[in-house]
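Down below is the structure, laid out as structure tokens.
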Amino acid sequence: MRSKRFEYLDQRPVNQDGYAKEWPEVGFIAMNSPYDPTPSIKIVNGEVVEMDGKAKDDFDMLDAFIAKYAINLDFAEEAMATDSLQIARMLVDINVPRAECLKYTTAVTPAKLVEIVGNLNVLEVMMGITKMRCRLKPANQCHVTNVKDNMIQIAADAAEAAVRGFAEMETTVGIVRYAPFNAIAIMLGANVGRPGILTQCAVEEATELDLGMRGYTAYAETVSVYGTEDVFMDGDDTPWSKAFLASCYASRGVKMRFTSGTGSEVQMGMAEGKSMLYLEARCLGVTRGAGVQGTQNGSVSCIGVPAAVPGGIRAVACENLIAAMLDLENASSNDQTFTHSDLRRVARSIPQFIPGTDYICSGYSATPNYDNMFAGSNWDADDYDDWVVIQRDLRVDAGLLPAREEEVVAARNKAARAIQALFRELGLPEITDEEVEAGTYARGSQDMPDRDVVADLKAATDMLNRGVTGIDFVKALYKGGFEDVAESIFNIQKAKVVGDYLHTASMLDDKFHVISAVNSPNCYEGPMTGYQISPELWEKMSDIRTAVDPAKL
């Protein structure tokens, strides 16, 4: 006979997930693999001749790139000689400023970074993130996609997401030739909801760069780097080619960050027996060495791999901390579904939600998950009320605001009408009043009428062939009667020319002022320092739509 209690527990959502014991020989271990190297550095005449137990002649391309570009060699020998526990304690000591910590953490090797964070429990990792986050104020980013690549729905969903507080938004496609329309829709809709939202369209890298140069997007983050040479080469890339690509984006005023995360190398079967976190530290070294402003990391789409082994979610929090320790903007994932358990998916987000990262999610789904073309997010549009209530419960700013139905409906309707006008003025396939109405009130693509996909794809290709740019969108919107939206899109194009938002951890406010680690650095040094929720913001955050006024009962 079996215990009735255990029979019931076996059916619980958490026990439908997959778990595995550690297997260090193939890298199936989150942290502290017995095969991870011992931290070391040797510098001769300003050149690294040994790093993490490996002589220069034995360096692979990641070692060579990191040694040459990613480490502050002026302070490296002193930082490497400092006990890792001492540096770990500096990270959580409110009497040690962030700048002093950075002097050490930007001058050490990947193995040393892993050794440092290995001394921290999860609470201490969160304390470290609180202080080491680059920008003073945390923010949030979302996915805006749907299975039909319906541009009316994308525009409406983006407008709602902006009303709800997202500072950045990302779309992708089911059919790659829809990319121009999806990019237009998310940029337009986002800036209807709140002027100054930065948007991207995640597609193949050459196409993504082309869209950015034409003015269809403002940033990119799907430029992946990896922690072993074999995985890099499997993608026909090197650290140098990725650095060159990053410079191409920057030269055209397109903000960008690399993407990496624990688990990718073991998932590819090329982990070289190293722990997931050590390989991620190498990715972050490459990211810093390439000179990009930040990283999307936190395991991202590989989250099921570290989540299966002991301490995996702790390792994910540690990789987010290491990004901040290297003075990189951190969009800390939380963007991939990985568990059947609601309790577990909330627990996975707590290390980022409570201390705040530059972007707590790099892909909170602004649609129901059935419409999420990034394979489903850890959070989606059905969770909006849960997110703002948890913020309210804990008095934490995790980047979102409560929203009233009438406010959301008005924003969605305006976005749908604006893209209808833009399509009309640019000679693109008609967007009907029926589609505008559906987009205004839709929950997801199941509520949207079908479009003529063939006609849309032909028109999208023709639009590119005609050389239509972001300035043409501005003209079309102005002519179509949406002068305020046209001005917002024009200001996005101007921001790309000025380039100030290429600074680390940048975002734009509703007046198009840049807020970044340069002009709004994190200055946390203990209680009542650093970022504080203002009384005005707290009033907005606490005013959820389901709260009653007891005085009126």
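The values are calculated or read from the model by the stated rules, or taken from the named source; none is laboratory data. From a predicted model like this one, the values you see are computed outputs, not experimental measurements. Backbone-built Cβ (ideal geometry, glycine too); neighbour counts: all protein chains shown. Remember, those area values only see protein heavy atoms, side chains included, never the ligands or the DNA or RNA. Shrake-Rupley method; radii C 1.70, N 1.55, O 1.52, S 1.80 Å.
Observations on the model:
- Counting only heavy atoms of the protein chains and using a 1.4 Å probe, K103 has close to 80 Å² of accessible surface.
- Virtual spin-label span in nm between R424 and C248, 7 Å along Cα→Cβ: 3.8
- Formal net charge of residues neighbouring I154 (Cβ-Cβ distance under 13 Å; K, R +1; D, E -1): -4
- Ligands, DNA and RNA are left out, and with a 1.4 angstrom probe the accessible area of the chain is 40 Å² per residue.
- From the coordinates of this entry, mean projected area of the Cα convex hull in nm² is computed, and it appears in [x] 28.6; [y] 47.2; [z] 23.5 under the label [x].
- Here the relative contact order of the chain, from alpha carbon pairs under 8 Å that lie six or more residues apart, stands at 21 percent.
- When each full DSSP H helix of the chain is screened for a Cα extent of at least 24 Å along its own axis and an average Kyte-Doolittle hydropathy of at least -1.0, the helices passing are 405-425.
- For the stretch 1-142, carbon and sulfur atoms together expose 51% of the accessible surface, with a 1.4 angstrom probe and every protein chain in place.
- Using C-alpha pairs below 8 Å separated by at least 6 residues, the relative contact order for the stretch 268-351 is 32 percent.
- Computed over the chain, the per-residue total of -39500 (n - 2.57) for DSSP H runs of n ≥ 4 gives a 222 nm mean residue ellipticity of -13500 deg cm²/dmol, rounded to 500.
- Share of carbon and sulfur in the accessible heavy-atom surface of the stretch 150-303 [1.4 Å probe, %]: 52
- Pairwise alpha-carbon distances in the stretch 262-402 exceed 18 Å for 55% of all pairs.
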